[in-house]
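The structure appears right after this line, and notes come after that.
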Amino acid sequence: MFPFFYVARASTAIGVSPIIKEIVQKQAHSTRLTLKEVILMGMLAIDKLDDRGRQELADQVHQMQVNGEI
């Protein structure tokens, strides 16, 4: 499972990036969950990925950062 500091870092990312905050808010609205629950849901989903899937997702997110999408 994820240590506590990962939740704090996710919270910080949402505060810093309006794009990420908007995505999380849309997910929260569509699933009727709180923002914290959506973040935890994403973290749990990542935890279920195998190593290759995690790396591919990390590469995709990194590319989004490089491209200025997030």
Next item on the list: Quick one: accessible surface of ASP51, probe radius 1.4 Å, all protein chains present, in square angstrom to the nearest 10.
Entry: 120 Å²
Notebook entry, point to check: What is the log10 of I(q)/I(0) for the range 12-70, computed with the Debye formula using one identical point scatterer on each Cα and no solvent, at q = 0.14, 0.30 Å⁻¹?
Noted result: -0.44, -1.16
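The values are calculated or read from the model by the stated rules, or taken from the named source; none is laboratory data. Predicted model only: the values in this text are computed from it and were never measured. The protein model used for the area step is the full one, side chains on, heavy atoms only, and it has no ligands, DNA or RNA in it. Shrake-Rupley method; radii C 1.70, N 1.55, O 1.52, S 1.80 Å.
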